[in-house]
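What follows is a single structure, written as structure tokens, with notes after it.
Bear in mind that the values in this text are calculations on the coordinates, not laboratory data. Please read these numbers as outputs of a predicted model, since none were measured by experiment. Positions of Cβ are generated from backbone atoms using ideal geometry, with glycine treated the same way; all protein chains shown enter the neighbour counts.
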Protein chains: 4
Amino acid sequence: MNLPANYQKTRQASVDMCAPLQIEDYIPQPALFTSPPKWNLGHTSWFFEEMILKKFIKNYKEFHPKYGYIFNSYYNTLGERVVRQNRGELSRPTVKEVYQYRSYVDDWMIGLLKTPIDDKLYKLIILGLNHEQQHQELFFTDIKYAFSKIPLYPVYSDLTYCENSEAHKEEFIEQDEGIYEVGFEGEGFCFDNELSRHKVYLQPYSIRNRLVTNGEFLEFMSDGGYQRFEFWHDEALFWLSENNIQQPMYWKNINDVWYQFTLAGLRKINPDHILTHITYYEAFAFASWKGLRLPTEFEWEAAAGKFSWGLRWEWTESAYLPYPGYKKDAGAVGEYNGKFMVNQKVLRGGSVVSPEGHTRKTYRNFFHPNMSWQFNGIRLAK
Amino acid sequence: MNLPANYQKTRQASVDMCAPLQIEDYIPQPALFTSPPKWNLGHTSWFFEEMILKKFIKNYKEFHPKYGYIFNSYYNTLGERVVRQNRGELSRPTVKEVYQYRSYVDDWMIGLLKTPIDDKLYKLIILGLNHEQQHQELFFTDIKYAFSKIPLYPVYSDLTYCENSEAHKEEFIEQDEGIYEVGFEGEGFCFDNELSRHKVYLQPYSIRNRLVTNGEFLEFMSDGGYQRFEFWHDEALFWLSENNIQQPMYWKNINDVWYQFTLAGLRKINPDHILTHITYYEAFAFASWKGLRLPTEFEWEAAAGKFSWGLRWEWTESAYLPYPGYKKDAGAVGEYNGKFMVNQKVLRGGSVVSPEGHTRKTYRNFFHPNMSWQFNGIRLAK
Amino acid sequence: MNLPANYQKTRQASVDMCAPLQIEDYIPQPALFTSPPKWNLGHTSWFFEEMILKKFIKNYKEFHPKYGYIFNSYYNTLGERVVRQNRGELSRPTVKEVYQYRSYVDDWMIGLLKTPIDDKLYKLIILGLNHEQQHQELFFTDIKYAFSKIPLYPVYSDLTYCENSEAHKEEFIEQDEGIYEVGFEGEGFCFDNELSRHKVYLQPYSIRNRLVTNGEFLEFMSDGGYQRFEFWHDEALFWLSENNIQQPMYWKNINDVWYQFTLAGLRKINPDHILTHITYYEAFAFASWKGLRLPTEFEWEAAAGKFSWGLRWEWTESAYLPYPGYKKDAGAVGEYNGKFMVNQKVLRGGSVVSPEGHTRKTYRNFFHPNMSWQFNGIRLAK
Amino acid sequence: MNLPANYQKTRQASVDMCAPLQIEDYIPQPALFTSPPKWNLGHTSWFFEEMILKKFIKNYKEFHPKYGYIFNSYYNTLGERVVRQNRGELSRPTVKEVYQYRSYVDDWMIGLLKTPIDDKLYKLIILGLNHEQQHQELFFTDIKYAFSKIPLYPVYSDLTYCENSEAHKEEFIEQDEGIYEVGFEGEGFCFDNELSRHKVYLQPYSIRNRLVTNGEFLEFMSDGGYQRFEFWHDEALFWLSENNIQQPMYWKNINDVWYQFTLAGLRKINPDHILTHITYYEAFAFASWKGLRLPTEFEWEAAAGKFSWGLRWEWTESAYLPYPGYKKDAGAVGEYNGKFMVNQKVLRGGSVVSPEGHTRKTYRNFFHPNMSWQFNGIRLAK
């Protein structure tokens, strides 16, 4: 697909997914780690305005002098911003004004796309589109979280596509000891954290062809998994006790029946469906209980051609660290990935709400080990 | 005015004051002590539904089984409820649905008002209307607070009626030593905390006929008032330092000019206007700096016929305590006032946003000493 | 007793009560509201050094340049100080050095007492001695609290004098309506907060001649007192739930038998003994459950001649506020009482660990309503 | 050295290093991450009592039934314990009693060492001694931290051996790309986290032969290093701002001269001395400022034969994770290392206060990235 078409398709997708929302739904931010839909819509537009329009179009006139302050997420290079936890306080600009902002930015961008695009600009536009796609995935997980906090349990959509299962039989894929190459190679887009491609030495291992199911996790729970300290990290025990955690994030036991909150409202848990919304702490404890472990990100990548993936972000045992020769870009774009490379865990694969074409086997997603509002799951290794 | 007309007028006022709002403005709750406009509208309706319709109409069918959970404020008698700090998370029910809820309750109430009303029911209806009026005042102070947090500084209304001044010359009114009677007497409505009427003995005192102005407070600030510990309570010093307080709540210094956020947006401070949005801590420190003090609530009440009031809630030195013979009502209504009678200060008078006819000289308003989002002011005594 | 003898007796008492301690016991500060014994010993000496020796003796040489920083409690007038919660971090100066500091200060003070003493100095010395006595009482309650936190439950002394009972039969003393005079009068010492003596008007009331016993409180507990919200203030309910309070501070249920930690170690509760270590919140809830109330401080004072008191500090319903005409002293001494006159409750009477001769019927003790490490008790009124 | 001699020498060292302490110094715990000297002495004895004496001696009688509760550090297998932050509250058992406890345990241990020792027991004893040595290092860093909080700046010892420098010239050691073996091999003792020995593939790199000096860090500071966000991780910026960090932990600027608190009291900073007490955040920011980076733990280990080390624990870029085939031991001993393998960083080398013979090139020390009370330093790589 050509760039203008790609641009318009990607931008339109962010708007389309808001169709089921009421105006009210654009506003709340029930947790620090989520953003209101309105903010996501503004922020992705601001990214193009700030990184591209202001830099590449001489006579560009910014839409509003305060939107930079309002829609900057975490770029220190670009100055002060609304503190992250206060995004839900902003009833203004209105939803309508934010859509006007999007149109304004789109008009300028489409104009720009008709001019000759040099390599540097091209890369920034592609980065902007990948950035937009990341926020599209966040949109689904944020609205799910927000709706889960409302006693009326609103339904985003009756399509329950997010709860799904794998048909094939469980099997462990054996992998030989030796040197493997990991990291991105080729022509297309990748984030800076996927580079440089380099060699790693892996010991012999095997990795399961299926993700863990709700049913398997229920066995862990029946076996006292949440109460048996020997399966957990020390700080996970603290997390369990501080937050009184006894089941996965969206699970609720009503009259001895397990339900989970989904984008289609509260639904009975299907034991054959793939487990999701799990923290790294829980993933690790579950694997320990099984007498198994999580794969490292390189074990995952080296075997990724041999099993199907993309239904859940899969926790790995790897910490999120720079690859050999990793180099942050200069300027604001350099804040995209590198400054988060401490105390986070790598997830691989992609999920049911990842935009089409957005994932690849070298993609490194990352979250703190206590985060579970993404569609995270567990793949086992040994 | 007859009861049905009174009911409709009071209920309509709550709706009218929302006219300048966008849908988005009904949602955020930027502080624990404020409530979203949507919640206020629902809660005041719930009060009638819960306290009256469910109890006095046999075949009453509640509007929605979960609204009790959502719109209960603090009545333990009436069961579980959304925790107070989470009111801003509720994008549902929608604004439209809440207005439908109001209409539904109003229809039943108007029906009920056409039937014979016994004394007990009459009192509850009047309580409900006074409750609604309290939330009308809260509406103004809550929306002002919410707008103040938005970088765009929205304007609620261009009418700057909330900033005002007193024309008469400063004077201290002398009061004799002796026995005075305080507390409500007469036929009309009062809250239980205004009873019983009783005698108090007052030492000779005098009280100022004017409220403190912005100009007077600017002198306090120029004289280092916020930095001079000797004027402040010990816990006020802690409050100042924890919150880095150096000026009244809504004041901002921009290029050496003092502005304040108002319902009409950001405005230059007029030194002749009456100071407002002041905490008890600041009121006390200011009075100490003047070599004066705040009046007690009884000094205020005993002299209230001799000066004009109603522009600001006036901090008194009195703690909020039960009057002799104070008796909580039975049931949920008994939770209205009594359970707050510790660690709060009494304010007297009324403010520019108090509903007409809602205040009287025996009215006891109360807030914690660090609260200033109401239109609070200072009257001096000696 | 003459002043030098009084001085030496009072100062010696602080040392004598440390006799049962090990060196180790002088150090820990297990809660913000307690102080280590070593700190108490240093602070009371510093009071004389700072307020008297440095001001009244020209060639006085301070014992150590940093002790002012270490042993100042809360006097802003006198500069920076070790923050209150860090007193338990100070292993130095050693206990021995602090005793040397005491001797040094005492030597100078005794010298000073041999010279002519003018009225101003006399008043400061008497204030210093009363201050020392207050810390003597704090010593007992602080060490009790500290020992209660140690799994070995150390015994301070086998003498169980702190647990005691009243022999006389329960009776309510009736008091007439009318004008009463309250506040200190006469020649001796009083704190500034007991002045000025003034008239108050009291409604008819009656007050119980006995304090509440453990047995009475056990009935409240058996009747679900801690779980029944209708007896509690709103913020008390928050306090109960945040701290998971289900019994008085030092009570422990071991195999269905109630024990309490005492200065003589863990002891079975005697239902005839006077209830102690109770918060205002609990005192209020208990009184509500009884259908009674706490007396105001003036009701207490007006009737104090008609019942025996001094075994427990008795919570009153009164907030700690200035009396009419209250005037803080100039200088550091002015920080003694006035700056605490907000959000605290008055207690009257005295306790089993109050130094002999230190209490009187006009004495106003004050604590926040959630504090119970003093020997606080309950007297009922109606 | 034979085992009994080794045992006695190691145990005695813990006692010897307490020689400069006053009784008072054994008590305070000024931070969650430090332990009082008394607790360290008790805990290391408890380790032998709990892991060995109770298990290997049939008729062993524990010294005191509550010491297990008091001196357990973090072993869930072994039941409840005093919460970590409350160790400074324990004035009892006294210092003398803890020394009696040590003697008691030593007597039994020495008896046991005279009997035949099987392999399992031998390994536990060696583990106990290595555990004791770890606490010996903690003793020095804990007492340094505790003394640093006392306004009198006590001196532990006048020997300033902890501040030192390296004579050799700066140089970068080049290392070839290829497969290296890492992890412990051989006969002696190692911790479970050093196993299994395995192959890793390293890209070409070079590593500095000298640690970073105070002088080099002063240049970073002069260049605005603490204020320039581009060198820091995102969560490091939060840490800097929350704690108002502008220099290394023990540095103080007095009249424009830089001092640091040392075990020999407050001393002027010598720019030639090796920088110490640095967090990972600071180490990373410093390296970024230099245009360099920290080595990974495997880069460090592979080159460790080519430079001298053991003066500072050297932060690596590696997260603390299990080696391939890592297996926790069964029982309480299994809690030693594995449960901490999340959100921590590996340090390599050893420090001036590491016990002789306790370090080796495969040793993996680990701390959270914001910790700096150990003698941590920086080695650069590229």
- Message: Taking B:T77 in one copy and the same position in all the others, each labelled 7 Å out along Cα→Cβ, what are the pairwise distances from the first, in nm, shortest first?
- Response: 5.0, 5.7, 6.2
- So what is the relative contact order for the range D:37-151, in percent, with contacts set as C-alpha pairs under 8 Å and at least six apart? 39 percent
- Note on the structure: Taking Rh as the Kirkwood radius computed over alpha-carbon pairs of the range B:225-289 and applying Stokes-Einstein at 4 °C with viscosity 1.567 mPa s, one gets a diffusion coefficient in µm² s⁻¹ of 101 µm²/s
- Message: Tell me the angle of helix C:3-16 to the major Cα principal axis of chain C, expressed in degrees between 0 and 90 and rounded to the nearest ten.
- Response: 70 degrees
- Task: Whole Å is fine, so just give me how far the alpha carbon centre of the range B:246-271 lies from that of the range C:206-279.
- Result: 51 Å
- Query: Each residue of the range D:165-179 in order: what ³J(HN,Hα) in whole Hz does its phi give by Karplus 6.51 cos²θ - 1.76 cosθ + 1.60, θ = phi - 60°, with x for Gly and Pro?
  - Reply: 9, 10, 7, 5, 6, 5, 7, 9, 8, 8, 10, 7, 5, x, 8
- Task: Scan around C:N376 for amide H atoms under 5 Å from its own, H built in the peptide plane at 1.01 Å from N, and keep only partners 5 or more places away or cross-chain.
- Result: C:H277, C:I278, C:W313
- Computed E for C:L266/B:F229 - FRET, C-beta separation, R0 35 angstrom, nearest 0.05: 0.20
- Message: Name the chain A residue nearest the rotation axis between A and C, going by Cβ position, and give the distance in whole Å.
- Response: A:N244, 6
- In nm, one decimal, shortest first: how far is the label point of A:G291 (7 Å from Cα along Cα to beta carbon) from the matching points in the other copies? 5.5, 6.9, 8.8
- Two-decimal Rg/Rh of the protein assembly as shown from alpha-carbon positions, Kirkwood Rh? 0.97
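Given a cut-off of under 8 Å on Cα pairs at least six residues apart, what relative contact order in percent is computed for the range C:313-364?
Averaging sequence separation for qualifying contacts and normalising by length gives 45 percent for the range C:313-364.
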- Note on the structure: Cβ density ranking, 10 Å radius, fewest first, applied to C:T279, D:T359 yields D:T359, C:T279
- Task: Note down the relative contact order for the range A:123-261 as a percent, whole number, built from C-alpha pairs under 8 angstrom at least six residues apart.
- Result: 18 percent
- Message: Given Cβ point charges of +1 (Lys, Arg) and -1 (Asp, Glu) and nothing else, what value in debye, to the nearest 20, does the dipole of the protein assembly as shown about its Cα centre take?
- Response: 0 debye
- Item | Principal-axis tilt of helix A:119-148 within chain A, Cα atoms, nearest 10 degrees | 50 degrees
- Non-local amide H neighbours of B:W258 (under 5 Å, H modeled in plane, Pro and chain starts lacking H): which ones? B:I269
- Query: Using θ = phi - 60° and the Karplus form 6.51 cos²θ - 1.76 cosθ + 1.60, what ³J(HN,Hα) does each residue of the range B:112-118 get, whole Hz, x for Gly and Pro?
  - Reply: 4, 5, 7, 8, x, 10, 7
- Item | Cut-off under 5 Å, modelled amide H: who pairs with D:I245 long-range | none
- Message: Need one word for the range D:54-156: rounded, prolate or oblate. Basis is the Cα gyration tensor (sqrt eigenvalues a ≥ b ≥ c); a/c below 1.5 gives rounded, then a/b vs b/c decides.
- Response: prolate
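To make sure I understand, if each residue's beta carbon is the centre and we count other beta carbons within 10 Å, what order do C:I70, A:I126 fall in, fewest to most? List each step's numbers first, then the result.
On the way: C:I70 21, A:I126 15.
The most exposed by this proxy come first: A:I126, C:I70.
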- Given the pairs B:K252/B:K345; D:K114/D:K328; D:K55/D:K120; B:K382/C:K345, which span a C-alpha to C-alpha distance of over 18 angstrom in this model? B:K252/B:K345; D:K114/D:K328; B:K382/C:K345
- Cα-centred dipole magnitude for the range C:271-362, charges only on beta-carbon of K, R (+1) and D, E (-1), debye, nearest 20: 160 debye
- Could you line up D:K58, A:K149, C:K345 from fewest to most neighbouring Cβ atoms inside 10 Å? D:K58, A:K149, C:K345
- Item | 3J(HN,Hα) from dihedral phi, the range C:82-97, Karplus parametrisation 6.51/-1.76/1.60, rounded to Hz, x for glycine, proline | 4, 5, 4, 6, 9, 5, x, 8, 8, 6, 10, x, 6, 4, 4, 5
- Tensor-based shape of chain A (alpha-carbon gyration tensor, a/c under 1.5 rounded, otherwise prolate or oblate): oblate
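Using a/c under 1.5 as the rounded threshold, could you call the range D:115-177 rounded, prolate or oblate? The axes a ≥ b ≥ c are square roots of the C-alpha gyration tensor eigenvalues, and prolate needs a/b larger than b/c, oblate otherwise.
oblate
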- homo-copy label distances at B:S165 (7 angstrom along Cα-Cβ), nm, one dp, ascending, are 7.0, 7.3, 7.8
